[in-house]
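Worksheet: the structure to be examined is printed underneath.
The values are calculated or read from the model by the stated rules, or taken from the named source; none is laboratory data. Worth saying up front: this structure is predicted, and the values here are computed from it rather than measured. Heads up, the Cβs are rebuilt from the backbone with ideal geometry, glycines too, and the neighbour counts pull from every protein chain shown. To get the accessible areas, we keep the full protein, side chains included, count just its heavy atoms, and leave off ligands, DNA and RNA. Shrake-Rupley method; radii C 1.70, N 1.55, O 1.52, S 1.80 Å.
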Amino acid sequence: MVSEGLTLTACQLCPRNCKVNRESGQKGYCHETAELVVGRAALHHWEEPCISGTKGSGAVFFSGCTMGCVFCQNHILSKGDAGKALSIERLAEIFIELQNQEAHNINLVTPTHYTLQITEALTIAKKHGLTIPIIYNCSGYEKVETLRLLEGLVDVYLPDFKYYSEDLAKKYSKAPRYFEYASMAIAEMVRQVGKAQFNEEGMIQKGVIVRHLLLPGGLIDSKAVVRYLYETFGDSIWLSLMNQYTPLEHVADYPELNRKVTRRAYNRLIDFALALGVENGFIQEGETAKESFIPLFNGEGI
């Protein structure tokens, strides 16, 4: 499978550039071959209000991940240990089925390593009546060349911006040059879809929402992320500042991460963002650090 120089026979879809032949059955850094694997495709109610709405987002959770963060909440799926193989044609059908269930949008979760297959499936589905917005829900560790394949197919970009610090990016995600790649990626996303547009129900139709998850002890880095995003992109993007970090058993080797985020630290981050002048944003209220935010990857909808 090849598109504009990007191929699965020497895969360089993400910044890992591992160049493995996924077509022949080799697994990339993402833990996946060229075979399309999905863990769940169903209505999802735990996204930002303008994405989940009242009926839910049509979330398709792809197996594997190009990041591999040590604190990953979806680690069973991200390591390729769950999910069901399906064809590109079946993926297109799933998009239509979610639309028929009255999903507000199609939410592609951790899609980067399957971008070539997804673009094919979207093209097929749009020919068969898919009209709801397409959301590309990714880690932010993206290549501009890969994102350009999505122009005209994706309406809303929902990237993370995980780190400002190179040291933290390497320590927790083994992701060199994370800040560099994420900043270029968001600039490309803004170029493609522009400022956010919402319908009369308040549901996002186009635009970029950048998520940032506050980590335990990570307030200084989080402030640097927020400052950079606001000073660089201003009102061209929306910020979603999250406190839902959940310490699971696999962070035992990182004692500084083996606890929840304090309410005081999160409030300080919100106050910092407001003092900067951030107005386009989402915050989380109440007790969000719990495993109910982690869906079951039981093959539903596949």
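Residues are listed down the side, and each one gets a yes or a no for (1) surrounded by fewer than 24 Cβ atoms within 10 Å (Cβ to Cβ); (2) not in a loop (DSSP other than H, G, I, E, B):
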{"site": "GLY64", "(1), (2)": "no, no"}
{"site": "GLY68", "(1), (2)": "yes, no"}
{"site": "GLN73", "(1), (2)": "yes, no"}
{"site": "PHE95", "(1), (2)": "no, yes"}
{"site": "LEU98", "(1), (2)": "no, yes"}
{"site": "HIS104", "(1), (2)": "no, no"}
{"site": "LEU116", "(1), (2)": "yes, yes"}
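Check the range 260-272 and report whether any residue there is hydroxyl-bearing (Ser, Thr, Tyr), surrounded by fewer than 20 Cβ atoms within 10 Å (Cβ to Cβ) and either farther than 23 Å from GLY53 by Cα or free of Cβ contacts under 8 Å to residues at least 24 places away in the same chain (or both).
yes
Looking at ALA175, ALA169, ALA121, which one is aliphatic (A, V, I, L, M), open to solvent by less than 40 Å² (accessible area, probe 1.4 Å) and free of Cβ contacts under 8 Å to residues at least 12 places away in the same chain?
Selected residue: ALA169, the only one of ALA175, ALA169, ALA121 that is aliphatic (A, V, I, L, M), open to solvent by less than 40 Å² (accessible area, probe 1.4 Å) and free of Cβ contacts under 8 Å to residues at least 12 places away in the same chain.
For the range 39-48, which residues satisfy the criterion of being surrounded by 16 or more Cβ atoms within 10 Å (Cβ to Cβ) and either out of contact with any Phe, Trp or Tyr (no Cβ under 6 Å at 6 or more places or on another chain) or in a loop (DSSP other than H, G, I, E, B) (or both)?
ALA41, ALA42, LEU43, HIS44, GLU47, GLU48
Test SER87 against the stated conditions and say whether it is free of Cβ contacts under 8 Å to residues at least 24 places away in the same chain and either on the phi > 0 side of the Ramachandran plot or more than 20 Å from the chain's Cα centre (by Cα) (or both).
no
Working only within the range 219-266, note down all residues that are β-branched (Val, Ile, Thr) and over 20 Å from TYR172 (Cα atoms).
Result: THR232, ILE237.
Go through the range 179-213 and report how many residues are touching a Pro at 6+ places or on another chain (Cβ under 8 Å) and either open to solvent by 30 Å² or more (accessible area, probe 1.4 Å) or part of a helix (DSSP H, G or I) (or both).
8
For the condition among the basic types (Lys, Arg) and within 20 Å of ALA92 (Cα to Cα), what is the one hit in LYS127, LYS174, LYS143?
Going through LYS127, LYS174, LYS143 in turn, just one is among the basic types (Lys, Arg) and within 20 Å of ALA92 (Cα to Cα): LYS127.
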